[in-house]
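Worksheet: the structure to be examined is printed underneath.
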Amino acid sequence: MKRIGIVGGVGPYAAAHFYRRILDLCPAVTDEEYAAVILVAEQIPSRIDHQLARGPSPLPALEEAVRRLCVAGADLIAIPSATTHVYRADLLRESRVPIVDLLLEVAAHLERADLCRPLILATEATVALRSFEPLFSSATRAIYPDPHGQRQITDFIYRVKRGEPSDRTRAEFTQCVRALLRAHPDADCVVLGCTELSVIAPAVEVAVPIVDATDVLAHAALNYRADATSPRTNKDELEVRL
């Protein structure tokens, strides 16, 4: 089995949750059957602040994390952060191994599942840059929260970053998602496009599928094939929560 390199610190709770999902999704019975994982957690400046022109570039710290993973023997790299994928092209120049494209994997899953009206819940930077949209099919029309709804989503993201994924936070997030769906009845799914949201989302129950970017990335990393030109998600194994 290939060694999966994880860029941590983007943010730390999201990276820890991603590693947990790697373990959950491995068809392992004994210790040695789990995926081999190397995790490097640098202190990385805010990607959100940099993309919104209010903070320093995180690229040097991200490049250092990628170099350390390559030296440590990673066979592929996963970055559990949609916002950080803005820097993926630059990081590929530093990497000797493939970097799974989270944005592409989410877009490919939506197309396979015939979901074309996704409600995108993500950081304000990902929303401002419309980072997912260039990879969507021509039939897909992304839906975003209004400014009030986006402020609520941003608050939940930073609650997780502060280490506050409490039962109360999870319950309030569930109510927020339900309210957003009532405001956008044409949405046919919810995309958890920020991996911090994945930490507080397991208990969310709504009437449309939830496409969790963390799970999409975990499946893509676990199903990576050395002969593939790009790590891709196995359609039959991808879990979609209803």
Just for the Cα atoms in region 103-213, what are the lengths along the principal axes, largest first, rounded to whole Å? 38, 27, 24
Sorted by packing (mean other beta-carbon atoms within 10 Å per residue), highest first, where do 33-46, 203-216 land? 203-216, 33-46
Find how many whole Å separate the alpha carbon centroid of region 153-227 from the alpha carbon centroid of region 45-60. 23 Å
CD proxy, 222 nm, the chain: helix-only mean residue ellipticity via -39,500 (n - 2.57) per DSSP H run with n ≥ 4, per residue, nearest 500, stands at -12500 deg cm²/dmol
GNM on the chain, Cα springs under 10 Å; top mean-square fluctuation among Arg112, Arg141, Arg20 goes to Arg112
Can you tell me the FRET efficiency between Cys116 and Arg54 if r is taken as the Cβ-Cβ distance and R0 is 30 Å, rounded to the nearest 0.05? 0.35
Dipole magnitude of the chain, debye to nearest 20 (Cβ charges: Lys/Arg +1, Asp/Glu -1, about Cα centre): 420 debye
Which FRET efficiency, nearest 0.05, do Glu164 and Leu129 yield, Cβ-Cβ r, R0 25 Å? 0.40
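Values in this text are rule-based calculations from the coordinates and carry no lab data. These numbers were taken from a predicted model, which means no experiment stands behind them. Virtual Cβ from ideal backbone geometry, glycine too; neighbours counted across all protein chains shown.
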